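The values are calculated or read from the model by the stated rules, or taken from the named source; none is laboratory data. Note that the structure is a prediction, hence the values are computed from the model and not measured. Cβ placement follows ideal geometry from the backbone for every residue including glycine, while neighbour counts extend to all protein chains displayed.
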Amino acid sequence: MSNPIEMNELTSRRGFFKILIVLFNGLIAAALAVPGLGYLLTPVFRKDSGAWISLGAIEKFRANTLQKATFTYVSEAGYTRAEKNGFVWLKTSAGDSPDAIAFSPVCSHTGCNVNWHASRNAFICPCHNGTYDADGNVVSGPPPRPLQKLPVKIENDQIFVQLVA
Amino acid sequence: MFKHDLQQSFAPVTEPIKTFLNEPLPKGVGWANTLGSALLATIVIQVVTGMLLAIYYSPNAEVAYESILYIENHVLFGRAIRGVHHYAASAMVILIFLHMLRTFFWGAYKHPREMTWVLGVVLFLVVLGFAFTGYLLPWDMKAYFATKVGIHVGGVMPVLGKYIIQLMQGGSEMSTLTLSRFFALHIIVLPLVLILIVIGHIYFVRFHGPTPPGKREEELVKYSHRFFPVQLLKDSTVAFLAVVILLFLAVYYGAPLEAKADPTDTEYVPRPDWYFYALFQLLKIFEGPLEIIGAVIIPGAFFTILLLLPFIDRNPARAFAKRPVVLSLGVACTIGILALTTWGSYSGNRAKDGLVAGGAVSDSAMVSAQYDPARGETLFVGLECAGCHDAASAGDNIPPGLEFSGNKYKLAWLAGYLQHPHRVRWLKRNERPVAKMPNFDLTPQQAGDMASFLLTLRLDKKFPEVDFDFAEADSDMVISGKTLFGDYGCDGCHTIAGQGDAIGPELTRVGAKLQDDYLYHLFKNPQSIIPGTVMKDARLDDIDVEDLVAYLRTLK
């Protein structure tokens, strides 16, 4: 009995009003949601340019030995700039063409800072005993990936490292 | 079968919604009743945009302003979202005012809806609280000085005044502590109160139902339609229009932002946002010992009467003809508020006059406190100004670096120069202009925006604040300075009003162009300010320098 009328809901006055109500409120929601999402997602689309950070002169470091290279850098976050301290695990090689490898100290498991234990020839993470060899490869424990190798360059006997590739 | 089961499961949610949508409405309820739901829509908008703004904002006087600039210039849609939040605040005040007027004239506050009205008046006060705590947050000039005036109003109270001020400021002066407590009120305390009151208000509205227009409570009410769909469509239409207008204002005009708060400024005349003009004007009408009348007594009495209105006016009639006294008083009050608001909007433009006085280009509409450094920065980047104004290469015949513009120039001069570079900088009157800077055909607003942006570039270490307020220099100092100007042979290089040689810059209007402290540091150590300058370091003592600056600053 009522079916033919319901079929025409779109063209009925009541049905038309219903559509307008949904349309208007949907547009209001979209007007808030679209810019709001863009606003929230801004950091996702932002690319951090990796600045080269100086670790100092190459002769400061003992060759062929893994050691902690600390540095101070200016970290820019939005509208703030702050001097921050940081470090990488560094191994230099002397010779006619000096070279260097730098490992990020961040464990690939949960992000704690790993320590170099020269006696055991391994990086060991204090949090869950994740262990890496001198090349940063996982030996044992929970880490899923090797330690990250950071880009390094040597200019005029100064070592530079890039924290964000 | 399954569908049916689910319907039953969700009945506790769907049934009340059905009842809500099917509420019967008395004859006469229509467009005028959409104001409340439009207000609700603006509240939702404020909650959403406010949450978004809080993500990047920092309630710390050191960086609050910088965080606003960041939102405006570096966050996707940041400018639009801040704009919507700004204009929706105004919309809330307008809608709540209209909503109250409608309720008043329809007699909808009368028994049994007293509590709906009382909650509504409290809501109005909460909205004003939002407005007051909100405009401090950008920590620009208006924020700082208008809030100072607002806090001063709290201090007018006898006996308690100074404690109220300390409480509002969170200390003996306006600082980060003031900002963080205003922020906490604005984003935590007031929103909670607001949401509770809104829920209560709507509950009471729904419980008693809409007031039948023109009818006494005991009269038989004729219900003509239901909330869904016609009234809901009307509500949605008005809310939608409100959002369209807000978006237009936000995208097209953007929210204003003045220069960063400078507590030492002596020229800035604070003006609150328009919805406080009436209160602002009352403050100006009652001066001196009468101040308390305008600051406390009149507003206090007004809001007390407003709050108690349903208990004072116990006449049950709702028809206009049967409520002549109350309606006349209501009309009088409305006209009074509108008149005070209009009056307040016209007076107090001394701010503009004061800034323009003696400015290099005083003919145009330069000047306003409404300049927006954020827009200026966008313009600065867009016109690639830094391509020529490179701090590293500044020197002879190379455009000056701008890294300490904020320590050097005065706003009105800079805005005038940016608008008409060639009109301002002449070698000699009526000779070919020497400004190499192209004329970018900026509008007065753009020039002002850019100037206000340049004034945010400061090197306060190089230009420490001079421990002398040149505004208080007396005529003896000025005369002494003028004599020294001749004694030291300054006119051997500088022209003032056609007198002297034109080797160095003309100084005829130097007081309009350069800040007092900049002149002071220039005298003390010309080489460090302008490397390579031929200006002699005359090794002047502090007193001579102060006299010279006192003299030069009068040249406008």
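Tabulated data for the structure shown
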| read-out | value |
| --- | --- |
| Selected residue (only one of B:LEU279, B:LEU246 is under 30 Å from B:ASN60 (Cβ atoms), of a type in the set (A, V, I, L, M) and in the same structural domain as B:PHE97 (by TED's automatic domain parsing)) | B:LEU246 |
| Filtered residues of the stretch B:63-72 (kept if of a type outside the set (Val, Ile, Thr) and more than 15 Å from A:PRO43 (Cβ to Cβ)) | B:ALA64, B:TYR65, B:GLU66, B:LEU69, B:GLU72 |
| Subset of the stretch B:38-78 [under 16 Å from B:GLU258 (Cβ atoms), surrounded by 20 or more Cβ atoms within 10 Å (Cβ to Cβ) and not aliphatic (A, V, I, L, M)] | B:TYR65, B:SER67, B:GLU72 |
| Neighbours by Cβ (under 6 Å, 6+ apart or cross-chain): first from the stretch B:317-336, not assigned by TED's automatic domain parsing to the domain that holds B:PHE97; second assigned to a helix (DSSP H, G or I) and surrounded by 15 or more Cβ atoms within 10 Å (Cβ to Cβ) | B:GLY330/B:PHE104 |
| Scan of the stretch B:377-432 for residues that are at pLDDT below 70, part of a strand (DSSP E or B) and out of contact with any Pro (no Cβ under 6 Å at 6 or more places or on another chain), ordered by number | B:GLY395, B:ILE398 |
| Count - residues of the stretch A:55-66 that are outside any helix (DSSP H, G or I) and either surrounded by 14 or more Cβ atoms within 10 Å (Cβ to Cβ) or within 14 Å of another protein chain (Cβ to nearest Cβ) (or both) | 5 |
| Unique match (being within 23 Å of B:PHE105 (Cβ to Cβ) and assigned to a helix (DSSP H, G or I)) among B:ILE245, B:ILE292, B:ILE337 | B:ILE337 |
| Every pair of residues 6+ apart whose Cβ atoms lie under 9 Å, when the first sits in the stretch B:62-82 and is within 18 Å of B:PHE183 (Cα to Cα) while the second is in a helix (DSSP H, G or I) and among the basic types (Lys, Arg) | B:ILE68/B:ARG82; B:ILE71/B:ARG79; B:ILE71/B:ARG82 |
| Candidates B:THR264, B:THR237 - the one that is in a helix (DSSP H, G or I) and polar (S, T, N, Q) | B:THR237 |
| Conditions (1) on the phi < 0 side of the Ramachandran plot; (2) more than 14 Å from every other protein chain (Cβ to nearest Cβ); (3) surrounded by fewer than 18 Cβ atoms within 10 Å (Cβ to Cβ); number of the one not met by B:LEU241 | (2) |
| Contacts under 6 angstrom Cβ, first residue in the stretch A:23-41 being farther than 14 Å from B:ILE81 by Cα and within 7 Å of another protein chain (Cβ to nearest Cβ), partner part of a helix (DSSP H, G or I) and polar (S, T, N, Q), 6 or more apart | A:PHE24/B:SER236; A:ASN25/B:SER236 |
| Given (1) in contact with a helix residue (DSSP H, G or I) (Cβ under 8 Å, 6 or more places away or on another chain); (2) more than 12 Å from chain A (Cβ to nearest Cβ); (3) under 16 Å from B:LEU25 (Cβ atoms), number of the condition B:PHE228 does not satisfy | (2) |
| Residue that is farthest from the other protein chains (Cβ to nearest Cβ), among those in the stretch A:104-117 that are farther than 26 Å from A:PRO43 by Cα and assigned to a strand (DSSP E or B) | A:HIS117 |
| Spans of helices (runs of 4 or more DSSP H) in the stretch B:1-94 with at least 3 residues at pLDDT 90 or above | B:11-21, B:35-56, B:64-74 |
| Candidate set: the stretch B:176-225, residues that are surrounded by 14 or more Cβ atoms within 10 Å (Cβ to Cβ) and among the polar types (S, T, N, Q); chosen: the one farthest from the other protein chains (Cβ to nearest Cβ) | B:THR211 |
| Residue count, the stretch A:42-53 (criterion: in contact with a Phe, Trp or Tyr (Cβ under 8 Å, 6 or more places away or on another chain) and either at the interface with another protein chain (Cβ under 9 Å from one of its Cβ atoms) or part of a loop (DSSP other than H, G, I, E, B) (or both)) | 1 |
| Condition met for A:TYR39 (hydroxyl-bearing (Ser, Thr, Tyr), farther than 24 Å from A:ARG145 by Cα and either assigned by TED's automatic domain parsing to the domain that holds A:LEU150 or in a strand (DSSP E or B) (or both)) | no |
| Evaluation of B:LYS142 against (1) in contact with an Asp or Glu (Cβ under 6 Å, 6 or more places away or on another chain); (2) under 17 Å from B:VAL205 (Cβ atoms) (one fails), failing number | (2) |
| Selection count, the stretch A:42-70, where residues are touching a helix residue (DSSP H, G or I) at 6+ places or on another chain (Cβ under 9 Å) and touching a residue at least 60 places away in the same chain (Cβ under 8 Å) | 2 |
| Scan of the stretch B:41-92 for residues that are of a type in the set (S, T, N, Q) and at the interface with chain A (Cβ under 9 Å from one of its Cβ atoms), ordered by number | B:THR49, B:SER58, B:SER67 |
| Any hit, the stretch A:71-91, residues being part of a loop (DSSP other than H, G, I, E, B), touching a residue at least 24 places away in the same chain (Cβ under 8 Å) and away from chain B (no Cβ under 14 Å) | no |
| Residue match in the stretch A:127-137 (condition: of a type in the set (D, E, K, R), in contact with a Ser or Thr (Cβ under 7 Å, 6 or more places away or on another chain) and in the same structural domain as A:LYS84 (by TED's automatic domain parsing)) | no |
